[in-house]
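Presented below is the structure to which this report refers.
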Amino acid sequence: MADRASLGAFLRARRESLQPEDVGLRRGSRRRARGLRREEVAELCDMSADYFARLERGTGPQPSQQMAAAIARGLRLTPYERDHLFLLCGHRTPHRQLRSEHVSPGLMRILDRLQDTPAQVMGPLGETLLQTPPAVALLGEQTHYTGDARSAPYRWFTDEVARSRYLPDDHDHYSRVNVSLLRAVSTRDGPHSQASRLAAGLLRESEEFASLWDRQEVGLRWSDAKRFVHPQVGRIDLFCQNLQDLDTAQTLLVFTATPGTDSYDRLSLLNVLGAESFPSG
């Protein structure tokens, strides 16, 4: 059972310890709240302010594991704090999949400061965990997938839409890199791992994947140069910098354009247009 009193005290203390700057918010000149407001935390956790307030008061329902994971992310909890939260909510500490989806506070702080730049956090199997609005505008919403489709390599070989945002001349190379990276992860994690299960599924579902898997290629890497074809603004040539968190095997991707180029202007236009009318990629 959840320890509601201790849970409420923990949530309140973590909320009050966070400052607006910690989560990418601006501090207003008339701000009097100690730490973040409940409404701000609720929005970060994708829940109602009333629900979060009830949890703080110790009168709310027991949060599900998925809700606990959302709270841990919204409050920028460390892995130790996240495990403590799960226990207070009456759950065991997160299983491996939930652990791998918990974005580290360090990557979250960086992403909070990149809200005007295409950037996203990727999991070890190519799961898109978080995206900035410009990243959604550039690549489409990628965090809503479920099952094997959460993995970018899986979508690359099973869903034509996954390739539509990339220059066709690059498709063959990207296919080889996807196979090489999945082979590396499955070898590292072993024959009973999620990566090996994903590879086995693709061997059944994709002739292209099976043909490339037989090549036994390893060590292929992405190029820093990325060439996109956006359905609204056309071709955009960008550079992709990545920052890896070795503890979580997560990677932060940041896409930038050279100032003064057509790609820079088109990327700026995307930031203005937003992502509302753009289909998922």
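The values are calculated or read from the model by the stated rules, or taken from the named source; none is laboratory data. As the structure is a computational prediction, the values presented were derived from the model and not from experiment. Here the Cβ positions follow ideal geometry from the backbone for every residue, glycine too, while neighbour counts run over all protein chains shown.
A few remarks follow.
- In the stretch 204-232, the residues that are part of a loop (DSSP other than H, G, I, E, B) and either outside the structural domain of A184 (by TED's automatic domain parsing) or more than 30 Å from P118 (Cα to Cα) (or both): S206, D214, R215, Q216, E217
- Candidate set from the stretch 123-161 (those that are hydrophobic (A, V, I, L, M, F, W, C) and closer than 24 Å to E205 by Cα); member that is surrounded by the most Cβ atoms within 10 Å (Cβ to Cβ): W156
- Residues of the stretch 3-41 that turn out to be surrounded by 14 or more Cβ atoms within 10 Å (Cβ to Cβ), under 19 Å from H102 (Cβ atoms) and among the small types (G, A, S), as a count: 1
- Restricting attention to the stretch 162-175 and to residues that are in a helix (DSSP H, G or I) and surrounded by 14 or more Cβ atoms within 10 Å (Cβ to Cβ), the residue that is farthest from the chain's Cα centre (by Cα) turns out to be D170.
- Residues (farther than 21 Å from L129 by Cα and aliphatic (A, V, I, L, M)) located in the stretch 152-178: L167
- Restricting attention to the stretch 261-275, the residues being outside any helix (DSSP H, G or I) and either under 13 Å from the mean Cα position of the chain (by Cα) or at pLDDT 95 or above (or both) number 1.
- Just one of the numbered conditions (1) at positive phi; (2) in contact with a Cys (Cβ under 9 Å, 6 or more places away or on another chain) is not true of G260: (2).
- Residues within the stretch 191-207 that are in contact (Cβ under 8 Å) with a residue 24 or more places away in the chain and more than 17 Å from A149 (Cβ to Cβ), tallied: 0
Yes or no, residue by residue, for (1) more than 29 Å from G123 (Cα to Cα); (2) more than 20 Å from the chain's Cα centre (by Cα):
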site	(1), (2)
R30	yes, yes
R34	yes, yes
E43	no, no
A53	yes, yes
E56	yes, yes
R82	no, no
H91	no, yes
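- Pairs are defined by a Cβ separation below 8 Å, a sequence spacing of at least 6 or placement on different chains, a first member in the stretch 1-28 that is within 19 Å of G58 (Cβ to Cβ), and a second member that is charged (D, E, K, R); the pairs so defined are G8/E56; G8/R57; L11/E56; R12/E56; R14/E81; R15/R38; R15/E56; E16/R34.
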